[in-house]
1. Restricting to Cα pairs below 8 Å that are 6+ residues apart, what does the relative contact order work out to for the stretch 109-174? Please round to a whole percent.
2. Quick check: net charge around LEU81, other residues with Cβ under 13 Å of its Cβ, Lys/Arg +1 and Asp/Glu -1?
3. Non-local amide H neighbours of ALA135 (under 5 Å, H modeled in plane, Pro and chain starts lacking H): which ones?
4. Separation of the stretch 1-17 and the stretch 71-145 by C-alpha centroid, Å?
5. List the residues whose amide H sits under 5 Å from the amide H of TYR100, counting only those 5 or more places along or on another chain, with H placed 1.01 Å from N in the peptide plane.
6. Determine how large the accessible area of THR94 is when every protein chain is in place; take a 1.4 Å probe and give Å² rounded to the nearest 10.
7. Name the residues whose placed amide hydrogens come within less than 5 Å of the amide hydrogen of VAL73, ignoring near sequence neighbours (fewer than 5 apart) on the same chain.
8. Once every Cα of the chain carries one equal point scatterer and solvent is ignored, give the base-10 log of I(q)/I(0) from the Debye formula at q = 0.15, 0.17, 0.20 Å⁻¹, two decimals.
Amino acid sequence: MKNIKLLVLDVDGVLTDGKLFIGSDGEEYKAFHTQDGMGISLARYTGMKIAIITGRKSPAVEKRANELKIDYVYQGIHDKLSVLHDIMSDLGITLDEVCYIGDDINDLPILQVVGYPAAPANAVGPVKADVQYVAKANGGEGAVREILDRLLAEQYDYNQLLNDYLSGLVTITQ
């Protein structure tokens, strides 16, 4: 966990609870947890790169990724491992420096090769059996934040990191 430089996320079941809400107009809606977003912001503050690789396409994912300034966003991907290799090549890193959070069997090819595979509590059995850490929280309910907090606490003095991050957010008014 100490050498993780890239966090890669699935979306449905990881950043969301996995439910798909589709309106009568065909618009798709997703709910994202704000604590996951804060965890991603904190990780980006440390220099960690963040990627989304998901099998579905959704404007909601693009919007949320833009808000969080996610470094790499790939939607509609069936061969996630190939995309991961492209990102790693771009960053000049190895599989040992990657954390992947996934929840279903289509995530197994990546989970089985990265340095730190993790899953939310609501992941399917085969995924839970193949990862190093299963969060207590479900996807879309803070699982990403929980996993990031563990990673960052392993890499940094976590309290000092929080203080540094927060001091950068404080503005002095006169």
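1. 22 percent
2. Local net charge: -3.
3. ALA119, ALA121
4. So the two Cα centres are separated by 6 Å.
5. VAL8, TYR116, ALA118
6. Taking all protein chains as shown, THR94 has close to 70 Å².
7. ILE52
8. Here log10 of I(q) over I(0) equals -0.80, -1.02, -1.41.
The values are calculated or read from the model by the stated rules, or taken from the named source; none is laboratory data. The shown structure was predicted, so the numbers you read here are calculated from the model rather than taken from an experiment. We place every Cβ from the backbone using ideal geometry, glycine too, and count neighbours over all the protein chains shown. Side chains included, ligands, DNA and RNA excluded: accessible areas come from the protein's heavy atoms. Shrake-Rupley method; radii C 1.70, N 1.55, O 1.52, S 1.80 Å.
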